[in-house]
Amino acid sequence: MPVISYREALRQAMAEELDRDENVIIMGEEVAQFNGAYKVTEGLLEKYGPKRIVDTPISEAGFMGLGIGASMLGIRPVMEFMFWSFSYVAFDQVFNNAASIRYMSGGLINLPIVIRGPANGGTSVGATHSHTPENFIANTPGLKVVCPATPYDAKGLLKSAIRDNDPVYVMENTILYNDKGEVPAEDYLVPLGLADVKREGTDLSIIAHGRAVLTALKAAEILQAEHDVSAEVVDLRSIRPLDVETILNSVRKTHRVLLVEENKPFCGVGAQISHLIQSEAFDELDAPIKRVSAIDAPAIYSMPLEKIQLPDPQRVVRAALSVG
Amino acid sequence: MSTKTATRAAAPKPELEPRAMAALAKHPANAGLTAADKLRLYRDMVRIRRFEERSVQVYQKGKIGGFLHLYIGQEAVAVGAVSLLGEHDHIITAYRDHGHALAVGMSMNECMAELAGKVTGCSKGKGGSMHFFAPDKKYWGGHGIVGGQIPLGAGLAYALKYKGLKGCCIAFMGDGAVNQGAVHEAYNLAALWNLPVIFVIENNKYSMGTSQERSSAGEPLAKRADGYDMAWDMGNGNILYEVREKIAAAMKRAHEESKPTLLEIFTYRYRGHSMSDPDQTYRDKQEIADYRENKDPITLFQKCLQAEGVLDDATLAKIDEEARAEAEASAKFADDSPFPQPEAILQDIYFEEDNRTDQSNVKGRMFFGDSV
Ligand SMILES: Cc1ncc(C[n+]2csc(CCOP(=O)(O)OP(=O)(O)O)c2C)c(N)n1
Ligand SMILES: [Mg+2]
C-alpha cells in the first residue's frame, strides 16, 4: 500500500471527490494560488481551475455564510479555515445558520457542506491561534464532527464528509500534516461515527481523538515496555456521531478507562464519554474513570510551558498507572 | 477634507524627491521638530530594523516559537504615528506588532524575551510575538486575529470620550483586514457615535500571498469610509514626515471635533508574511528590490536629514552601532532569562483569582483538571 502524508491523504480525498462530483468546490483563504497556507490544497488550482478552487479574502463570516448558502442549492463546498481559531469570527454563520436551518425549515433544506482545517495546539502560537473547538461543535445538534489522527482516517473520513448531506467538520491538526502512513490507492471510505481500536489491550482502555491518539499510542508502548500494562487505544475518529458500541465493548474488556484529549477539561469531549460509560457500563468499571487533558487555561505561548500544558506520553502513563 | 465631501486624495508619490521632503519638513506637523527630535525619529526606525534583523537570527536558532511577522520596511508608519501621541492618545495594532512596541518605548529586552517565551518578556512569555502589550505606554496590543483589534480601538476611543479626556486611539490594521465584518461594524459605530479614533490601514499590498487586487473590491481602501460619512485620506508610508502630516490632521479631527478618520498609508514589507512563510512566489523579486533600494523609509529619512544638515556621518554610524549593540544585548538578555514556572500556566486568567478584591463575590470552583 502506498505510504503518504496526512496532508497528501487529505489532498487525494479532495481530488477524488472533485473528480467524482462536479458540484464539489474548494474555498478558503490562500487555498488556490498560494497552494494552501499548509499546502493541503497544493496543485488543485492547476488541475481543477479557478471555478472550483476559490481563494477568498480574509472574510470568514462572509465566505462561510456564502458556502452555507451555496450548499442550500446543492453545491458541495469544502470550506477551509486556515486555523480553527479563525473560525470564531464565523461563529454565527456556523451555529445559527449551518446548524439550525434544516431544523427551522422543518427538513425542507439540507446543507451538504464540509468545514475543514487544522487545530494548532503545540506550535507556540499563543492563545488566539491554538483553539480546538471540537467540543463546541459537537455540542451543537445539526453539526457533525470528525477528528482524524492518521493519514488513512484523514482520507477516508474527508471523503465520507464530502458525500454526506449535512454540515460536517473535519478537524485536522497542523502537527499531523507531515505524518506518514499507509493509504490505499483505491477508493475507500471511513464512515462517520465509527471508532477504531488502534491498539488492542486487556488492562486499560485509553480513549482519545485527534493528535491525542498518537500520544496515547506512545504511552501504551511505554506502559507495555516499562510497566507490563496492556493498554488498548480506542480512537474515536468521530465525535458526533459517536461510536458508543466500540467504546463500551472496550470497557467491557478492560474494565478500566483513561480519557485523553488536547482540549480543555471543562465541558470537554471526555466529560461526555465519561458520562456515557458510567451510565451504560457502571458495573463493568473496576475503578473510577481518569482523564488527561490540556491544563485549564488559555494556550500559553512559551514553548516549554506549552509542552507541559498539553498532554504528553509521560503524563498519560502516570495517569494510566493511577487508574485504580 | 470635510466629512461629507471626502474626495479621493492625490495618488501617493512614492518617489518623493528630497525637495518634496523639504516641503513636508515645513508642514506644521513637522515644522516644530528640533534637530534632536528628528534624530530620535531616525533612531527609533533604525532600532526597530536592527531589533527585527536580530530576531531573525534568534528565530533561526529555533529559540522563537510559532510565527514571527516582521515589520521591516514599514517602520516609518509606527514611528511617525507614535511620535505624535500626547498624554491621552493610545494605540492598538495587529500581530505585526514589534515596531509599534519599540516605538512607544518598550525595551528591546522585554520584547526579545517575549519572543523567546521567557518570564522577563513583556507578557511574561505568555503572549509571544503576536501579543505584545504595554498599557502603561498606552499600547493595547498586539492582536492575532485579523481585524479583531479594530472594534477594540473604537472602544478605547469610546472610553476616552466617556471620561471626557481629549485624546484618541490610533487603531492599525493591514490591507487584508479591511474585509473583516467586525472592521466595518467598527467604522459605522465610530462614525455614528463620533468617536475619536483613527483607523490606519497599513497597506503593504499583500495579505499573506494575496495581493490587494485579488482580495478587495474597490480602491482605494480608505474610500470605504464614504459609506459611513467618515473622513478619509491616504499617505505615503515611506516618508516619515508625510505619515506625521496625515496622522496630525486626523488627530486634530479626533481631538477637536471628536470624529473618526480612516487613513490608508502605503507601505511595504520586505520579508515574507512571517518567518515560517517566507514564500515570495506571489510577488516579483524586482518589486521587493525596488522598494528596498529606492523607497526605503529609513534611507529616505536619512537622506532628508543629511540634506537638512541634521545628520552627519559620525552620528549616522553611531546610531546604527548603538542600535545593533542594543539588539545584540537583548538577544543575550533573552537567552539568559529563565522560562516561566509551570504554575504560571494557571495565573493571569481571572483578575479575581489573582487578587481577590472586596467586590469579589465568587464562590465555587474555577479550574478543572485531570482528577476532576
Ligand atoms: C480572522 C483571521 N483569519 C485569518 C488569519 C490568518 N492570517 C494572519 S495574517 C493574515 C494576512 C493579513 O494581511 P494584512 O491584513 O494585509 O496584514 P499584513 O500581514 O500585511 O500586515 C492572515 C490571513 C487570522 N490571523 N485571523
Ligand atoms: Mg498587508
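The values are calculated or read from the model by the stated rules, or taken from the named source; none is laboratory data. Owing to the predicted nature of the structure, the values given are computational and were not obtained by experimental measurement. For neighbour counting, all protein chains shown are included, and Cβ atoms are generated from backbone atoms with ideal geometry for every residue, glycine included.
General remarks:
- Restricting segment A:251-292 to residues that are small (Gly, Ala, Ser) and within 21 Å of the chain's Cα centre (by Cα), the residue that is farthest from A:Val170 (Cα to Cα): A:Ser274
- Subset tally (residues that are out of contact with any strand residue (DSSP E or B) (no Cβ under 8 Å at 6 or more places or on another chain) and touching a residue at least 60 places away in the same chain (Cβ under 8 Å)) for segment A:303-313: 6
Quick grid of which residues meet (1) at pLDDT 95 or above; (2) part of a helix (DSSP H, G or I); (3) closer than 30 Å to A:Met82 by Cβ; (4) within 25 Å of the chain's Cα centre (by Cα):
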{"residue": "B:Arg283", "(1), (2), (3), (4)": "no, no, yes, yes"}
{"residue": "B:Ala323", "(1), (2), (3), (4)": "yes, yes, no, yes"}
{"residue": "B:Pro340", "(1), (2), (3), (4)": "yes, no, yes, no"}
{"residue": "B:Glu343", "(1), (2), (3), (4)": "yes, yes, no, no"}
{"residue": "B:Glu353", "(1), (2), (3), (4)": "no, yes, no, no"}
{"residue": "B:Thr357", "(1), (2), (3), (4)": "no, no, no, no"}
{"residue": "B:Lys363", "(1), (2), (3), (4)": "no, no, no, no"}
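- Candidate set from segment A:166-204 (those that are outside the structural domain of A:Ser130 (by TED's automatic domain parsing) and among the hydroxyl-bearing types (Ser, Thr, Tyr)); member that is farthest from A:Met1 (Cα to Cα): A:Thr202
- Strands (runs of 3 or more DSSP E) wholly inside segment A:1-62 that include at least 1 residues being of a type in the set (A, V, I, L, M, F, W, C) and within 24 Å of A:Ala90 (Cα to Cα): A:24-28, A:53-55
- Screening the candidates A:Glu261, A:Glu306 for the property of being at the interface with chain B (Cβ under 10 Å from one of its Cβ atoms), under 30 Å from B:His131 (Cβ atoms), of a type in the set (D, E, K, R) and buried (at least 18 other Cβ atoms within 10 Å of the Cβ) yields one hit, A:Glu306.
- Scanning segment A:191-237 for residues that are among the β-branched types (Val, Ile, Thr), surrounded by fewer than 22 Cβ atoms within 10 Å (Cβ to Cβ) and within 23 Å of the chain's Cα centre (by Cα) yields one hit, A:Val197.
- Search result, residues across segment B:251-271 that are buried (at least 18 other Cβ atoms within 10 Å of the Cβ), assigned to a loop (DSSP other than H, G, I, E, B) and out of contact with any Gly (no Cβ under 6 Å at 6 or more places or on another chain): B:Lys259, B:Pro260, B:Arg271
- Subset tally (residues that are under 20 Å from the mean Cα position of the chain (by Cα), within 14 Å of chain A (Cβ to nearest Cβ) and surrounded by fewer than 22 Cβ atoms within 10 Å (Cβ to Cβ)) for segment B:196-211: 2
- One residue from B:Leu165, B:Leu192, B:Leu152 being free of Cβ contacts under 8 Å to residues at least 40 places away in the same chain and surrounded by fewer than 20 Cβ atoms within 10 Å (Cβ to Cβ): B:Leu192
- Condition met for A:Asn110 (of a type outside the set (Lys, Arg), surrounded by fewer than 24 Cβ atoms within 10 Å (Cβ to Cβ) and touching a Cys at 6+ places or on another chain (Cβ under 8 Å)): no
- For segment B:169-195, taking the residues that are among the β-branched types (Val, Ile, Thr) and within 14 Å of chain A (Cβ to nearest Cβ), the one that is farthest from ligand 2 (Cβ to nearest atom) is identified as B:Val183.
- Being modelled with pLDDT of 95 or more and within 14 Å of ligand 1 (Cβ to nearest atom) is a property that does not hold for B:Gly127.
- Considered as a group, the residues in segment B:126-144 that are over 15 Å from the mean Cα position of the chain (by Cα) and within 14 Å of chain A (Cβ to nearest Cβ) include one that is nearest to B:Met112 (Cα to Cα), and that residue is B:Gly128.
- The set of residues from segment A:102-120 being away from chain B (no Cβ under 11 Å), touching a Ser or Thr at 6+ places or on another chain (Cβ under 7 Å) and part of a loop (DSSP other than H, G, I, E, B) comprises A:Leu111, A:Pro112, A:Ile113.
- Boolean, B:Ala331 is away from chain A (no Cβ under 11 Å), loosely packed, with under 12 Cβ neighbours inside 10 Å and part of a helix (DSSP H, G or I): no
- Test: residue in segment A:138-153 that is within 13 Å of the chain's Cα centre (by Cα), within 14 Å of chain B (Cβ to nearest Cβ) and more than 16 Å from ligand 1 (Cβ to nearest atom): no
- Hits in segment B:97-111 - residues which are outside any loop (DSSP other than H, G, I, E, B) and crowded, with 21+ Cβ neighbours inside 10 Å: B:His98, B:Gly99, B:His100, B:Ala101, B:Leu102, B:Ala103, B:Met108, B:Glu110, B:Cys111
For every residue, the table says whether it meets (1) hydroxyl-bearing (Ser, Thr, Tyr); (2) within 16 Å of ligand 1 (Cβ to nearest atom); (3) over 29 Å from B:Leu300 (Cβ atoms); (4) not in a loop (DSSP other than H, G, I, E, B).
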{"position": "B:Gly66", "(1), (2), (3), (4)": "no, yes, yes, no"}
{"position": "B:Gly73", "(1), (2), (3), (4)": "no, yes, no, no"}
{"position": "B:Ala94", "(1), (2), (3), (4)": "no, yes, no, no"}
{"position": "B:Ala113", "(1), (2), (3), (4)": "no, no, yes, yes"}
{"position": "B:Lys118", "(1), (2), (3), (4)": "no, no, yes, no"}
{"position": "B:Gly121", "(1), (2), (3), (4)": "no, no, yes, no"}
{"position": "B:His131", "(1), (2), (3), (4)": "no, yes, yes, no"}
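- In segment B:196-215, the residues that are under 30 Å from B:Ala248 (Cβ atoms), in contact with a Lys or Arg (Cβ under 7 Å, 6 or more places away or on another chain) and either without any contact (Cβ under 8 Å) to a residue 12 or more places away in the chain or more than 7 Å from ligand 2 (Cβ to nearest atom) (or both): B:Pro196, B:Gln212
- Against the criterion of being over 30 Å from A:Tyr38 (Cα atoms), surrounded by fewer than 15 Cβ atoms within 10 Å (Cβ to Cβ) and of a type outside the set (Ser, Thr, Tyr), B:Glu287 does not qualify.
- All positions within segment A:46-92 that are of a type in the set (S, T, N, Q) and more than 10 Å from chain B (Cβ to nearest Cβ): A:Ser71, A:Ser87
Per-residue answers, yes or no, for (1) more than 16 Å from ligand 1 (Cβ to nearest atom); (2) without any contact (Cβ under 8 Å) to a residue 12 or more places away in the chain:
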| site | (1), (2) |
| --- | --- |
| A:Lys39 | no, no |
| A:Glu42 | yes, no |
| A:Leu73 | yes, yes |
| A:Met79 | no, no |
| A:Ser87 | no, no |
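- Of residues in segment B:168-189 being among the small types (Gly, Ala, Ser) and touching a residue at least 60 places away in the same chain (Cβ under 8 Å), the one surrounded by the fewest Cβ atoms within 10 Å (Cβ to Cβ): B:Ala177
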